[in-house]
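Chemist: Pasting a structure below so you can have a look.
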Amino acid sequence: MATSSMRGGDMTPVDRTSGTKKILFVVAHAPSLINHRWSLMCALIAQGHELVVCAPDIADDIRRRIVAIGAAVVETPISRTGLNPLADLRYMWLLIRLLERHNPDLLITFTIKPNIWGAFAGHRVGVPSIAMVTGLGYAFTDSGSFRQMATGAIARLLYRRATGRNRYVVFQNVDDREYFVRTGCLTDSGKAVITNGSGVDIAHYAPAALPAEPVFLSIARLLRNKGVREYAEASVALKRSHPHARFLLVGNWDEGPDGIEPSAMGRWVAGGLEHLGPTDDVRPAIAKSNVFVLPSYREGTPKVVLEAMSMGRSVITTDAPGCRETTIDGANGFIVPVRDTETLLERMRQLADDPALREAFGRQSRQIAEAKYDARLVNEGLLRDVGLLRTGD
């Protein structure tokens, strides 16, 4: 049975509503609508809510798919990275104009910039808002650099003020909620709701046969805080002693301050890493592999790990917020320390040498996905907790 969502860290029920609502749904990255928000959008529409989806650079195929399920689509430019106060203020005023034009009953936002500026915009025009904290990202990853510390300080101040204007703040793991409360990003813990990530469509990500030879896979944007460097270096080292093994990396380049340098990628590819580039469908890549690796420094709940688990893959991930929740060490995979390439290498070697263990871990991953992360159950719990599950349904 899936873990139900919680408000404020306990099982206290929150207000429910029996009516349908018009919802403005705002994201900073259009592909995430398909890759991460699809099941939630479908759940909202199935409940009878009217959905207006706002995102930048919406490709025609994404627009068509969203319109086909009954939602409206609005192009909403945003600068996803960097600190540009004028650009951010322009974005807030754009959201204000959208709210005034569409007059929704509720605003739902995802990721840091929409969360912060959406809360201010909603407050300005009297529209209640829900911020979805799907991970803390670069601003909250401690690297010791002055730029990152300054970015984090600004982000905490803005989040403190923004969450004061939210109706609910939704987290994908307990660690992120506790961080927000501890650092003052959220002063009213009663607004907090916790879900089991975004869930996974366990029918779409069906189990696939395992390759006979060891094939490792990581899927992530090419960022240092995703653990790409650790995975690549461990892969190159293991390739020297296990030339029959394969090491796959799927992901797109990121121009943000935490991006991987092309020169580093060139060295890793020369050492045996196979960079396959980005993909619109991760299932073929997962089907080629039998061990999924995500040595991330911090996540909300990494959806791609859930997808790999649903398809019956062993998992190696880190003892980091969001990551540790997905894996039971020694049951469906291994948990390794953050930034620890040597331990990661040893765990990868262990699975490379033991096909029976890979198979056993994969079976357990599928069972966990079915019991805890089925998107239907996750979304039902979330909608109930934020008052969007219609009474009597």
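Chemist: Which residue is nearest to LEU344 (Cα to Cα), if the candidates are limited to segment 239-275 and must be modelled with pLDDT under 95 and part of a strand (DSSP E or B)?
Modeler: Only one residue fits best here, namely GLY259.
Chemist: Out of (1) touching a helix residue (DSSP H, G or I) at 6+ places or on another chain (Cβ under 7 Å); (2) free of Cβ contacts under 8 Å to residues at least 40 places away in the same chain; (3) of a type outside the set (Gly, Ala, Ser); (4) under 26 Å from SER32 (Cβ atoms), what's the single condition that is false for PHE334?
Modeler: Of (1) touching a helix residue (DSSP H, G or I) at 6+ places or on another chain (Cβ under 7 Å); (2) free of Cβ contacts under 8 Å to residues at least 40 places away in the same chain; (3) of a type outside the set (Gly, Ala, Ser); (4) under 26 Å from SER32 (Cβ atoms), only one is false for PHE334: (4).
Chemist: Name the residues in segment 39-74 that are out of contact with any strand residue (DSSP E or B) (no Cβ under 6 Å at 6 or more places or on another chain) and either of a type in the set (Gly, Ala, Ser) or in contact (Cβ under 8 Å) with a residue 60 or more places away in the chain (or both), would you?
Modeler: SER39, LEU40, ALA43, ALA46, GLN47, GLY48, ALA55, ALA59, ALA68, GLY70
Chemist: Suppose we keep only residues that are among the charged types (D, E, K, R) and part of a loop (DSSP other than H, G, I, E, B) within segment 288-309. Which one would you say is nearest to PRO337 (Cα to Cα)?
Modeler: Applying the filter and picking the extreme gives ARG298.
Chemist: Looking at ARG390, ARG324, which is the one that is surrounded by fewer than 23 Cβ atoms within 10 Å (Cβ to Cβ) and either touching a residue at least 60 places away in the same chain (Cβ under 8 Å) or not charged (D, E, K, R) (or both)?
Modeler: Working: ARG324 fails: either touching a residue at least 60 places away in the same chain (Cβ under 8 Å) or not charged (D, E, K, R) (or both).
One residue alone meets the criteria, ARG390.
Chemist: Can you tell me which residue is surrounded by the fewest Cβ atoms within 10 Å (Cβ to Cβ) among those in segment 49-90 that are under 15 Å from PHE25 (Cα atoms) and in contact with a Ser or Thr (Cβ under 8 Å, 6 or more places away or on another chain)?
Modeler: Result: PRO56.
Chemist: Among the residues of segment 370-393, what is the count of those that are within 22 Å of the chain's Cα centre (by Cα) and either more than 27 Å from PRO211 (Cα to Cα) or assigned to a helix (DSSP H, G or I) (or both)?
Modeler: Of the residues in that region, 16 qualify.
Chemist: Another question, if that's okay. Name the pairs: first residue in segment 176-189 and free of Cβ contacts under 8 Å to residues at least 60 places away in the same chain, second residue open to solvent by 30 Å² or more (accessible area, probe 1.4 Å), Cβ to Cβ under 7 Å, at least 6 apart or on different chains?
Modeler: Close Cβ pairs (under 7 Å, with a partner that is open to solvent by 30 Å² or more (accessible area, probe 1.4 Å)) amount to VAL181/SER189; THR183/ARG156; GLY184/ARG156; GLY184/ARG160; CYS185/ARG156; CYS185/ARG160; THR187/ARG160; THR187/GLY164.
Chemist: Would you confirm, using the coordinates I've provided, whether VAL282 is hydrophobic (A, V, I, L, M, F, W, C), under 15 Å from LEU248 (Cα atoms) and either free of Cβ contacts under 8 Å to residues at least 60 places away in the same chain or open to solvent by 50 Å² or more (accessible area, probe 1.4 Å) (or both)?
Modeler: When the stated conditions are applied, VAL282 does not pass them.
Chemist: Another one. So which residues in segment 109-132 are modelled with pLDDT of 95 or more and open to solvent by 10 Å² or more (accessible area, probe 1.4 Å)?
Modeler: Once the filter is applied, which keeps residues that are modelled with pLDDT of 95 or more and open to solvent by 10 Å² or more (accessible area, probe 1.4 Å), segment 109-132 yields TRP117, PHE120, HIS123, ARG124, VAL125, GLY126, VAL127, PRO128, MET132.
Chemist: Counting only residues that are assigned to a loop (DSSP other than H, G, I, E, B) and either surrounded by 15 or more Cβ atoms within 10 Å (Cβ to Cβ) or not small (Gly, Ala, Ser) (or both), how many does segment 177-195 have?
Modeler: Of segment 177-195, the ones assigned to a loop (DSSP other than H, G, I, E, B) are 183-188, 195.
Add one more test, that the residue is either surrounded by 15 or more Cβ atoms within 10 Å (Cβ to Cβ) or not small (Gly, Ala, Ser) (or both), and what stays is 183, 185-188, 195.
Residues that pass the stated criteria total 6.
Chemist: Looking only at residues that are under 20 Å from ILE78 (Cα atoms) and part of a helix (DSSP H, G or I) in segment 1-55, which one is modelled with the highest pLDDT?
Modeler: Out of the qualifying residues, it is LEU33.
Chemist: In the set GLY322, GLY312, which member is under 29 Å from ARG177 (Cα atoms), not in a strand (DSSP E or B) and not acidic (Asp, Glu)?
Modeler: The unique qualifying residue is GLY322.
Chemist: Only one of these is buried (at least 24 other Cβ atoms within 10 Å of the Cβ), within 17 Å of GLY227 (Cβ to Cβ) and without any contact (Cβ under 8 Å) to a residue 60 or more places away in the chain: SER296, SER314, SER289. Name it.
Modeler: Sole residue among the options that is buried (at least 24 other Cβ atoms within 10 Å of the Cβ), within 17 Å of GLY227 (Cβ to Cβ) and without any contact (Cβ under 8 Å) to a residue 60 or more places away in the chain: SER314.
Chemist: Next question, about the same structure. Could you list, in sequence order, all residues of segment 157-174 that are under 19 Å from ASP385 (Cβ atoms) and either open to solvent by less than 80 Å² (accessible area, probe 1.4 Å) or of a type in the set (A, V, I, L, M) (or both)?
Modeler: THR163, ASN166, TYR168, VAL169, VAL170, PHE171, GLN172, ASN173, VAL174
Chemist: Of all residues being closer than 18 Å to GLU359 by Cβ and in contact with a strand residue (DSSP E or B) (Cβ under 9 Å, 6 or more places away or on another chain) in segment 330-347, which is most open to solvent (accessible area, probe 1.4 Å)? Just the residue, please.
Modeler: ARG347
Chemist: Before we move on, is GLN367 under 25 Å from the mean Cα position of the chain (by Cα), at pLDDT 95 or above, open to solvent by 60 Å² or more (accessible area, probe 1.4 Å) and polar (S, T, N, Q)?
Modeler: Yes.
Chemist: If you don't mind, there's one more thing I want to ask. Can you find, within segment 196-223, the residue that is surrounded by the fewest Cβ atoms within 10 Å (Cβ to Cβ) among those that are over 14 Å from GLY312 (Cβ atoms), touching a Gly at 6+ places or on another chain (Cβ under 8 Å) and modelled with pLDDT of 95 or more?
Modeler: Checking each candidate, the answer is ILE219.
The values are calculated or read from the model by the stated rules, or taken from the named source; none is laboratory data. This is a predicted model, so every value here is computed, not measured. Neighbour counts run over all protein chains shown; Cβ positions are idealised from the backbone, glycine included. Side chains included, ligands, DNA and RNA excluded: accessible areas come from the protein's heavy atoms. Shrake-Rupley method; radii C 1.70, N 1.55, O 1.52, S 1.80 Å.
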